[in-house]
1. Compute the Cα gyration tensor for the stretch 193-236, then decide on rounded, prolate or oblate, letting a ≥ b ≥ c be the square roots of its eigenvalues: rounded whenever a/c is under 1.5, prolate when a/b is larger than b/c in the other cases, and oblate in all that remain.
2. Given a Förster distance of 30 angstrom, what is the FRET efficiency for Lys37 paired with His157, based on the Cβ-Cβ distance and rounded to 0.05?
3. As a test, work out the antiparallel percent of DSSP beta bridges whose residues both lie in the chain, rounded to the nearest 5.
4. How big is the chain by Rg and Dmax over its Cα atoms, in Å?
5. Of all accessible surface on the stretch 3-235 at a 1.4 Å probe, what whole percent is carbon and sulfur?
6. What length, rounded to one decimal in nm, is gained on full extension from Gln117 through to Asn207, with 0.36 nm per residue of separation minus their alpha-carbon distance?
7. Let a ≥ b ≥ c be the square roots of the eigenvalues of the Cα gyration tensor of the stretch 86-185; is it rounded (a/c under 1.5), or, if not, prolate (a/b larger than b/c) or oblate?
8. What pairs from Lys164/Lys199; Lys61/Lys168; Lys37/Lys152; Lys37/Lys230; Lys152/Lys204; Lys112/Lys230 go past 20 Å between their alpha carbons?
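The values are calculated or read from the model by the stated rules, or taken from the named source; none is laboratory data. Only a predicted model underlies this, so the values are computations on that prediction, with no experimental measurement involved. FYI the Cβ positions are ideal-geometry reconstructions off the backbone, even for glycines, and counts take in every protein chain you see. Note: areas computed on protein heavy atoms with side chains; ligands, DNA, RNA excluded. Shrake-Rupley method; radii C 1.70, N 1.55, O 1.52, S 1.80 Å.
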Amino acid sequence: MGLVGKEQKEKDEAEVSSHSLPTYLQQTYSWAYLNPKTVPILSSSPVVSLILWGNAGRLIKRATMEVEAGETVLQAAAVYGPFSTYLADAVGPTGQLDIIDIAPIQVETTRKRVGAQSHVHVALGDAAIVQQRTYDTVVCFFLLHEVPDEVKTQIVHALLSSVKKGGKVVFVDYHKPSSFHPLKPVMSRIFDWLEPYAKGLWEKEINAFAPDGMMISWHKETLFGGLYQKVVATIL
Ligand SMILES: C[S@@+](CC[C@H](N)C(=O)[O-])C[C@H]1O[C@@H](n2cnc3c(N)ncnc32)[C@H](O)[C@@H]1O
């Protein structure tokens with residue numbers, strides 16, 4: 001490990017000792033995001049593809065197409081599979097990609113996955129807190145459905161506040177499918193069993209978690225029969 005990597009690790013460790021992991025993460029998602037035995041299995045591309053019903057590539061493309069080479073970009077939480085690698089390629093060496101995650105094991109896993117690239121920086125951070133700098137684009141990929149509604153509100157607010165004027169926040173996440181969608185009953189049971197906060201996105205639009213008074217243009221599209229959504233919030 002080089003000096004920069006060592007210094008970053010020490011800084012992360014100091015930050016970890018000064019804050020603890022959120023209850024929703026520890027109580028609901030330890031098995032998926034905090035267990036060193038399951039993290040390598042779940043983060044593999046075939047598993048991610050299965051979890052997203054074969055739509056991983058399509059969903060990654062819908063998110064990365066919003067990023068232009070040379071931009072400053074924030075990825076608001078670690079994502080399993082090849083997402084960060086594609087995002088790093090889209091940003092390119094003339095830009096800067098900052099990836100944050102609240103869990104140290106996810107920061108380590110993501111660092112290994114993206115490898116040493118001078119334009120990519122992975123660090124411990126909380127998406128529910130306004131970042132210290134502003135970005136051209138922020139990407140929030142399948143994070144909102146994993147947090148309680150009050151944290152959804154905090155994250156949406158913090159990410160919208162971490163973007164430059166004219167910049168955008170891209171949310172890709174679950175969405176309420178139509179009543180006739182063959183996977184609706186399956187997803188409903190999976191959410192009730194494993195993802196207790198996901199139905200918050202079935203009940204409310206993402207823009208309903210945004211604060212009043214910000215000048216924002218919202219654009220929403222749905223994918224795979226409405227099971228997924230991409231919402232782009234442009235700061236006017
Ligand atoms: C983005 S979601 C996962 C997306 C997708 N389901 C997957 O399999 O990759 C999960 C990540 O969010 C992180 N996370 C949860 N709350 C967070 C927060 N407030 N700030 C930053 N990262 C957070 C978790 O530690 C976990 O690594």
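1. Verdict is oblate for the stretch 193-236.
2. E between Lys37 and His157, to the nearest 0.05, is 0.30.
3. Looking only at bridges with both residues in the chain, the antiparallel portion is about 45 percent.
4. Every Cα atom of the chain included, Rg and Dmax give 17.0, 56 Å.
5. Details: 6340 of 11120 Å².
Ligands and nucleic acids excluded, carbon and sulfur give 57 percent.
6. 29.0 nm
7. Numbers: a/c = 1.70, a/b = 1.48, b/c = 1.15.
Here the stretch 86-185 falls in the prolate category.
8. Numbers: Lys164/Lys199 30 Å; Lys61/Lys168 17 Å; Lys37/Lys152 28 Å; Lys37/Lys230 32 Å; Lys152/Lys204 11 Å; Lys112/Lys230 28 Å.
Too far apart for the 20 Å limit: Lys164/Lys199; Lys37/Lys152; Lys37/Lys230; Lys112/Lys230.
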